[in-house]
Amino acid sequence: MRIMIANKKMNLMCSMNFLGLLISILLVCASCSFNYTISEEEEKNKILELHQKQREYHFNKMAEEFASQLSSTHISVNRGEINMPSKESNIKRFSSYFNSVEFEKWDDVNPPIVRFSDDYKMAYTIVNKEVVVKYSNENEELIREKTEFSWVAIYRKYDEGWKIDCVASTNKPSVSENMNI
(Lines give C-alpha, C1' and ligand atoms only; values in the text may rest on other atoms or scores of the structure.)
Protein backbone atom coordinates (compact mmCIF):
# COMPACT_ATOMS: atom_id res chain seq x y z
CA MET A 1 0.00 0.00 0.00
CA ARG A 2 2.80 2.40 0.91
CA ILE A 3 4.54 1.56 -2.36
CA MET A 4 1.35 2.31 -4.33
CA ILE A 5 0.95 5.68 -2.57
CA ALA A 6 4.61 6.48 -3.17
CA ASN A 7 4.22 5.52 -6.84
CA LYS A 8 1.12 7.72 -7.16
CA LYS A 9 2.99 10.63 -5.54
CA MET A 10 5.94 10.05 -7.87
CA ASN A 11 3.65 9.92 -10.92
CA LEU A 12 1.91 13.10 -9.79
CA MET A 13 5.25 14.87 -9.27
CA CYS A 14 6.50 13.72 -12.69
CA SER A 15 3.26 14.91 -14.27
CA MET A 16 3.59 18.28 -12.53
CA ASN A 17 7.24 18.60 -13.57
CA PHE A 18 6.30 17.70 -17.14
CA LEU A 19 3.41 20.19 -17.07
CA GLY A 20 5.70 22.89 -15.64
CA LEU A 21 8.29 22.16 -18.33
CA LEU A 22 5.62 22.25 -21.04
CA ILE A 23 4.25 25.59 -19.78
CA SER A 24 7.78 27.03 -19.63
CA ILE A 25 8.49 25.95 -23.21
CA LEU A 26 5.20 27.43 -24.39
CA LEU A 27 5.92 30.73 -22.63
CA VAL A 28 9.40 30.92 -24.15
CA CYS A 29 8.00 30.18 -27.61
CA ALA A 30 5.26 32.75 -27.17
CA SER A 31 7.72 35.42 -26.05
CA CYS A 32 9.98 34.71 -29.03
CA SER A 33 7.15 35.16 -31.47
CA PHE A 34 5.79 38.26 -29.76
CA ASN A 35 5.79 41.11 -32.26
CA TYR A 36 6.45 44.38 -30.52
CA THR A 37 5.29 47.39 -32.45
CA ILE A 38 7.66 50.10 -33.50
CA SER A 39 6.31 53.61 -33.49
CA GLU A 40 7.19 55.32 -36.76
CA GLU A 41 6.58 58.68 -35.11
CA GLU A 42 9.03 57.89 -32.26
CA GLU A 43 11.72 56.69 -34.69
CA LYS A 44 11.19 59.72 -36.93
CA ASN A 45 11.57 62.01 -33.91
CA LYS A 46 14.86 60.30 -33.02
CA ILE A 47 16.19 60.90 -36.55
CA LEU A 48 14.98 64.54 -36.53
CA GLU A 49 16.61 65.07 -33.13
CA LEU A 50 19.94 63.94 -34.60
CA HIS A 51 19.32 66.29 -37.52
CA GLN A 52 18.74 69.22 -35.14
CA LYS A 53 21.88 68.38 -33.16
CA GLN A 54 23.90 68.71 -36.37
CA ARG A 55 22.94 72.40 -36.50
CA GLU A 56 24.11 72.86 -32.91
CA TYR A 57 27.37 71.06 -33.70
CA HIS A 58 28.04 73.42 -36.63
CA PHE A 59 27.35 76.64 -34.72
CA ASN A 60 29.25 75.49 -31.62
CA LYS A 61 32.16 73.98 -33.59
CA MET A 62 31.64 70.52 -32.07
CA ALA A 63 33.52 68.35 -34.56
CA GLU A 64 33.87 65.30 -32.30
CA GLU A 65 30.16 65.22 -31.47
CA PHE A 66 29.28 65.69 -35.14
CA ALA A 67 31.59 62.83 -36.17
CA SER A 68 30.06 60.60 -33.47
CA GLN A 69 26.81 60.55 -35.44
CA LEU A 70 28.61 58.66 -38.21
CA SER A 71 28.95 54.87 -38.16
CA SER A 72 32.37 53.23 -38.25
CA THR A 73 31.63 52.19 -41.85
CA HIS A 74 30.41 55.63 -42.96
CA ILE A 75 30.63 56.38 -46.68
CA SER A 76 30.76 59.93 -48.08
CA VAL A 77 29.71 60.69 -51.65
CA ASN A 78 30.62 64.26 -52.55
CA ARG A 79 32.13 66.19 -55.47
CA GLY A 80 32.32 63.10 -57.64
CA GLU A 81 34.27 61.10 -55.04
CA ILE A 82 33.44 58.17 -52.79
CA ASN A 83 35.33 58.05 -49.48
CA MET A 84 35.27 55.96 -46.32
CA PRO A 85 37.02 58.29 -43.86
CA SER A 86 37.97 57.16 -40.37
CA LYS A 87 36.41 58.81 -37.33
CA GLU A 88 39.72 60.57 -36.64
CA SER A 89 39.85 61.84 -40.22
CA ASN A 90 36.26 63.12 -39.95
CA ILE A 91 37.00 64.91 -36.67
CA LYS A 92 40.06 66.57 -38.20
CA ARG A 93 38.17 67.60 -41.35
CA PHE A 94 35.12 68.93 -39.49
CA SER A 95 37.28 70.72 -36.94
CA SER A 96 39.25 72.43 -39.69
CA TYR A 97 36.05 73.48 -41.47
CA PHE A 98 34.23 74.61 -38.33
CA ASN A 99 37.21 76.66 -37.18
CA SER A 100 37.67 78.37 -40.56
CA VAL A 101 34.16 79.86 -40.76
CA GLU A 102 31.49 81.55 -38.68
CA PHE A 103 28.01 80.23 -39.35
CA GLU A 104 25.24 82.77 -39.83
CA LYS A 105 22.72 80.30 -41.12
CA TRP A 106 22.42 76.52 -41.34
CA ASP A 107 18.70 76.17 -41.85
CA ASP A 108 16.33 73.81 -43.59
CA VAL A 109 14.81 75.25 -46.76
CA ASN A 110 12.12 72.56 -46.47
CA PRO A 111 11.41 70.12 -43.65
CA PRO A 112 13.57 67.00 -44.00
CA ILE A 113 11.88 64.00 -45.62
CA VAL A 114 12.29 60.86 -43.48
CA ARG A 115 11.54 57.34 -44.73
CA PHE A 116 12.08 53.92 -43.13
CA SER A 117 12.70 50.36 -44.26
CA ASP A 118 9.87 47.93 -43.49
CA ASP A 119 11.73 46.55 -40.45
CA TYR A 120 12.71 50.04 -39.16
CA LYS A 121 16.38 49.11 -39.05
CA MET A 122 17.30 51.59 -41.76
CA ALA A 123 16.10 55.05 -42.67
CA TYR A 124 17.01 57.89 -44.94
CA THR A 125 16.54 61.62 -44.84
CA ILE A 126 16.43 64.01 -47.75
CA VAL A 127 17.64 67.43 -46.67
CA ASN A 128 17.65 70.82 -48.38
CA LYS A 129 19.69 73.34 -46.40
CA GLU A 130 20.69 76.99 -46.83
CA VAL A 131 24.11 77.68 -45.36
CA VAL A 132 25.57 81.15 -44.87
CA VAL A 133 29.10 81.50 -43.53
CA LYS A 134 31.64 84.27 -43.04
CA TYR A 135 35.38 83.75 -43.32
CA SER A 136 38.59 85.62 -44.06
CA ASN A 137 40.16 84.97 -47.44
CA GLU A 138 43.89 84.88 -48.21
CA ASN A 139 43.93 88.74 -48.40
CA GLU A 140 42.34 88.97 -44.94
CA GLU A 141 39.11 90.26 -46.49
CA LEU A 142 35.91 89.22 -44.78
CA ILE A 143 33.80 87.14 -47.17
CA ARG A 144 30.17 86.18 -46.73
CA GLU A 145 29.21 83.03 -48.65
CA LYS A 146 25.75 81.60 -49.24
CA THR A 147 25.20 78.08 -50.55
CA GLU A 148 22.21 75.79 -50.85
CA PHE A 149 23.00 72.15 -50.15
CA SER A 150 20.91 69.03 -50.66
CA TRP A 151 21.80 65.58 -49.44
CA VAL A 152 20.56 62.11 -48.68
CA ALA A 153 21.68 60.64 -45.36
CA ILE A 154 21.23 56.91 -44.86
CA TYR A 155 20.81 55.85 -41.24
CA ARG A 156 21.17 52.38 -39.71
CA LYS A 157 19.83 51.47 -36.28
CA TYR A 158 22.58 50.00 -34.10
CA ASP A 159 22.33 48.79 -30.49
CA GLU A 160 23.38 52.28 -29.33
CA GLY A 161 20.88 54.01 -31.63
CA TRP A 162 20.75 55.55 -35.09
CA LYS A 163 24.02 56.25 -36.91
CA ILE A 164 24.65 57.71 -40.36
CA ASP A 165 26.04 55.05 -42.70
CA CYS A 166 26.21 57.16 -45.85
CA VAL A 167 25.77 60.74 -47.04
CA ALA A 168 25.49 61.72 -50.69
CA SER A 169 25.65 65.49 -51.02
CA THR A 170 25.45 68.14 -53.70
CA ASN A 171 25.22 71.91 -53.73
CA LYS A 172 24.37 74.85 -55.90
CA PRO A 173 27.23 77.22 -56.78
CA SER A 174 28.08 79.54 -53.89
CA VAL A 175 27.31 83.24 -53.95
CA SER A 176 30.09 85.23 -52.26
CA GLU A 177 30.33 88.87 -51.34
CA ASN A 178 33.23 90.85 -49.99
CA MET A 179 32.12 92.39 -46.70
CA ASN A 180 35.01 94.94 -46.75
CA ILE A 181 33.60 96.91 -49.68
Original post:
From Ile91, Ile38, Ile47, which residue is open to solvent by less than 90 Å² (accessible area, probe 1.4 Å), at pLDDT 95 or above and out of contact with any helix residue (DSSP H, G or I) (no Cβ under 9 Å at 6 or more places or on another chain)?
Top reply: Ile47
Subject >> Elements of type strands (runs of 3 or more DSSP E) contained in segment 125-181, each with 2 or more residues being open to solvent by less than 60 Å² (accessible area, probe 1.4 Å) and either at pLDDT 95 or above or within 18 Å of Gln54 (Cβ to Cβ) (or both) >> reply: 142-158, 161-171
Original post:
Between a first residue in segment 101-125 that is without any contact (Cβ under 8 Å) to a residue 60 or more places away in the chain and under 30 Å from Tyr135 (Cβ atoms) and a second residue that is open to solvent by 40 Å² or more (accessible area, probe 1.4 Å) and assigned to a strand (DSSP E or B), which pairs have beta carbons less than 6 Å apart while being 6 or more apart in sequence or on different chains?
Top reply: Val101/Tyr135; Glu102/Lys134
Original post:
What pairs come up if the first residue lies in segment 84-99 and is of a type in the set (Val, Ile, Thr), the second is in a helix (DSSP H, G or I) and open to solvent by less than 100 Å² (accessible area, probe 1.4 Å), and their beta carbons are under 6 Å apart, counting only those six or more places apart or on different chains?
Top reply: Ile91/Ala63; Ile91/Ala67
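The values are calculated or read from the model by the stated rules, or taken from the named source; none is laboratory data. Please read these numbers as outputs of a predicted model, since none were measured by experiment. Here Cβ is always computed from backbone atoms with ideal geometry, including for glycine, and neighbour counts include all displayed protein chains. The area values use the complete protein model at the heavy-atom level, side chains included, leaving out ligands, DNA and RNA. Shrake-Rupley method; radii C 1.70, N 1.55, O 1.52, S 1.80 Å.
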